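Q: One structure coming up, written as structure tokens, with questions to follow.
The values are calculated or read from the model by the stated rules, or taken from the named source; none is laboratory data. Not measured: the values here are computed from a predicted model. Positions of Cβ are generated from backbone atoms using ideal geometry, with glycine treated the same way; all protein chains shown enter the neighbour counts.
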Amino acid sequence: MQKEPMTPEGHRKLKEELENLLKVQRPANVKAIAEARAHGDLSENAEYHAAKERQSFIEGRIQDLQSKIARADIIDPSKISHDRVAFGATVRVLDLETDAEITYKLVGPDEADIKAGKLSIHSPMARSLIGKAEGDEAVVKAPARTIEYEVLKISFE
């Protein structure tokens, strides 16, 4: 079983979701199945089939979350050297071609959300930034073009 890096915040969110599924959603779904079953003929009972489908989703998500939590290698960014880009760093970069500034936080693959600026540590962009210091350039080979970035600021919040 391969460990995956995860921030303490990401680990906390997964545990909260798991607890909600186990203590709130699963019991509510069991109740919904019982109510639908009480309505009679199960072969044509849409409520029953929907509740059973929801139960399948809940159980699958519980197993997925338990697996992710078991494989988590929780890394506290505050204990990492802050002079270079590393896991947990928030990095502000400048696209040297377009002069656009972008900020990313390097997180584990289970926490990645590009719309929120959270970049998986395994992504090509993150791999090109790892080990860079402020003022260094990083080159990312994208399918459309090669992108050059300058590291403007590194912080660990």
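Q: Out of (1) at negative phi; (2) loosely packed, with under 11 Cβ neighbours inside 10 Å, the odd one out for residue 30 is which?
A: For residue 30, the failing item is (2).
Q: Something else now. Specify which of the listed residues (10, 40) is touching a residue at least 60 places away in the same chain (Cβ under 8 Å) and small (Gly, Ala, Ser).
A: Testing whether each residue is touching a residue at least 60 places away in the same chain (Cβ under 8 Å) and small (Gly, Ala, Ser) leaves just 10.
Q: For segment 141-157: of the residues being touching a residue at least 60 places away in the same chain (Cβ under 8 Å) and in a loop (DSSP other than H, G, I, E, B), which is farthest from residue 95 (Cα to Cα)?
A: 157
Q: Go through the residues of segment 106-121 one by one and say whether even a single one is in contact (Cβ under 8 Å) with a residue 24 or more places away in the chain and surrounded by fewer than 17 Cβ atoms within 10 Å (Cβ to Cβ).
A: Yes, there is a match, as at least one residue in segment 106-121 is in contact (Cβ under 8 Å) with a residue 24 or more places away in the chain and surrounded by fewer than 17 Cβ atoms within 10 Å (Cβ to Cβ).
Per-residue answers, yes or no, for (1) among the β-branched types (Val, Ile, Thr); (2) in a loop (DSSP other than H, G, I, E, B); (3) under 23 Å from residue 3 (Cα atoms); (4) assigned by TED's automatic domain parsing to the domain that holds residue 13:
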{"position": "99", "(1), (2), (3), (4)": "no, yes, no, no"}
{"position": "103", "(1), (2), (3), (4)": "yes, no, no, no"}
{"position": "106", "(1), (2), (3), (4)": "no, no, yes, no"}
{"position": "109", "(1), (2), (3), (4)": "no, yes, yes, no"}
{"position": "115", "(1), (2), (3), (4)": "no, no, no, no"}
{"position": "133", "(1), (2), (3), (4)": "no, yes, no, no"}
{"position": "139", "(1), (2), (3), (4)": "yes, no, no, no"}
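Q: Being at pLDDT below 95, surrounded by fewer than 14 Cβ atoms within 10 Å (Cβ to Cβ) and out of contact with any helix residue (DSSP H, G or I) (no Cβ under 7 Å at 6 or more places or on another chain) is the requirement here; does residue 81 meet it?
A: The answer is yes for residue 81.
Q: Now, a different point. Evaluate segment 101-124: report whether one residue or more is among the acidic types (Asp, Glu) and in contact with a helix residue (DSSP H, G or I) (Cβ under 7 Å, 6 or more places away or on another chain).
A: Yes: one or more hits.
Q: Working only within segment 40-72, note down all residues that are surrounded by 11 or more Cβ atoms within 10 Å (Cβ to Cβ) and more than 30 Å from residue 11 (Cβ to Cβ).
A: If the condition is that a residue be surrounded by 11 or more Cβ atoms within 10 Å (Cβ to Cβ) and more than 30 Å from residue 11 (Cβ to Cβ), then 42, 45, 47, 48, 49, 50, 51, 52 are the ones that fit.
Q: Would you pick out the residues in segment 61-97 that are among the hydroxyl-bearing types (Ser, Thr, Tyr) and either in contact with an Asp or Glu (Cβ under 9 Å, 6 or more places away or on another chain) or part of a helix (DSSP H, G or I) (or both)?
A: 67, 78, 90
Q: It is to be established whether one or more residues within segment 3-10 are touching a strand residue (DSSP E or B) at 6+ places or on another chain (Cβ under 6 Å), surrounded by 15 or more Cβ atoms within 10 Å (Cβ to Cβ), in a strand (DSSP E or B) and among the hydrophobic types (A, V, I, L, M, F, W, C).
A: Yes: one or more hits.
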